[in-house]
1. If Ala6 meets every condition in (1) of a type in the set (A, V, I, L, M); (2) at pLDDT below 95; (3) touching a Phe, Trp or Tyr at 6+ places or on another chain (Cβ under 9 Å) apart from one, which number is that one?
2. I want to confirm something. Restricting to region 145-193 and keeping residues that are in contact with a helix residue (DSSP H, G or I) (Cβ under 7 Å, 6 or more places away or on another chain) and without any contact (Cβ under 8 Å) to a residue 60 or more places away in the chain, which single residue is least open to solvent (accessible area, probe 1.4 Å)?
3. Name the residues in region 141-187 that are of a type in the set (Phe, Trp, Tyr) and either assigned to a strand (DSSP E or B) or within 19 Å of Ala67 (Cα to Cα) (or both), would you?
4. Counting only residues that are of a type in the set (Val, Ile, Thr) and surrounded by fewer than 19 Cβ atoms within 10 Å (Cβ to Cβ), how many does region 224-278 have?
5. Just to verify a result, which residue in region 42-57, among those that are in contact with a helix residue (DSSP H, G or I) (Cβ under 7 Å, 6 or more places away or on another chain) and over 15 Å from Phe216 (Cα atoms), is most open to solvent (accessible area, probe 1.4 Å)?
6. Which one of these is at negative phi, open to solvent by less than 10 Å² (accessible area, probe 1.4 Å) and free of Cβ contacts under 8 Å to residues at least 40 places away in the same chain: Val83, Val62, Val72?
Amino acid sequence: MDKAAATVSQNRQSAGQVDLGVIKARQHAAWSSGDYALIGTTLQIIGEELCEALDVRSGQKVLDIAAGNGNVSLTAARRGCEVTATDYVPALLERARDRAAAERLELEFREADAEALPFPDGSFDVVVSTFGVMFTPDQDRAAAEMVRACRRGGRIGLANWTPEGFIGQVFKAIGKHLPPPTGAKSPALWGTQARIAELFEPHSTSVKTAQRRFVFRYRSPEHWLQVFRTYYGPMLKAFAALEPAAQSALQRDLLALVGQFNRSGDGSMVVPGEYLEIVITRQ
């Protein structure tokens, strides 16, 4: 940390504000744990639908921020786009690179922080993120970087879990047992029209939103929990931070939550997960 950054951090702490650097370090550790790719691949249809909503066209330059294992990146590459996939977790980009190689798709992969993108202004026709940029600690800065990287008249596309939806409620349940740092903004705010308007309307000619649902399908609620607490970094880290009794309590709450959303009618799990699909036309 340089002197300027250290001064900012000290000022935040002295003013009682949240230290975003500390939150980022914790998040990086969480997303570096487990193996998100095993879960991310189940969300592929969302990348397809977002590219359709954006009317992504062959030859366009596309930037995927917090790309994870590359759902939107691969979708855009299949459409003949010039794609750059970025993430601040190198292991996730490796999984995306493996998928691209298997499909014989050419993409550029770069390690990059969503809050400090290493690209000149207006470098891309389309800038996208699915369930990625919403987890940045400095939400305003991340949104500003998306706008900066997109050319005028270009489009920004997002898919973000809503607070009321299943995954939003999962994070709320985790927060009950492991409260986030005081002052930290909830990632689920990115799944609200009000927050999206605050972040992007001043820089856009159009902001269109639509509520969508992705259906989580697992053999049983217990199977879902086993997969998520093993491979989904934030949940893995949450369980690891709790004592055994607290782990059991969190497990009960999560299974009860599945019970509220589950529509299977049998022993399996069929749970709609609501997310907000956003298409922004850059001013």
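The values are calculated or read from the model by the stated rules, or taken from the named source; none is laboratory data. Bear in mind the structure is a predicted one, so any value in this text is a computation, not a measurement. Virtual Cβ from ideal backbone geometry, glycine too; neighbours counted across all protein chains shown. Ligands, DNA and RNA are excluded from the accessible area calculation, which covers all protein heavy atoms including side chains. Shrake-Rupley method; radii C 1.70, N 1.55, O 1.52, S 1.80 Å.
1. (3)
2. Ala188
3. Trp161
4. The qualifying residues number 3.
5. Looking at the filtered set, the residue picked out is Glu48.
6. Going through Val83, Val62, Val72 in turn, the sole match is Val83.
To keep it simple, each residue is scored yes or no on (1) touching a Lys or Arg at 6+ places or on another chain (Cβ under 8 Å); (2) of a type in the set (Asp, Glu).
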site	(1), (2)
Ala114	no, no
Leu117	yes, no
Pro120	no, no
Ser123	yes, no
Ala142	no, no
Glu145	no, yes
Arg148	no, no
Ala159	yes, no
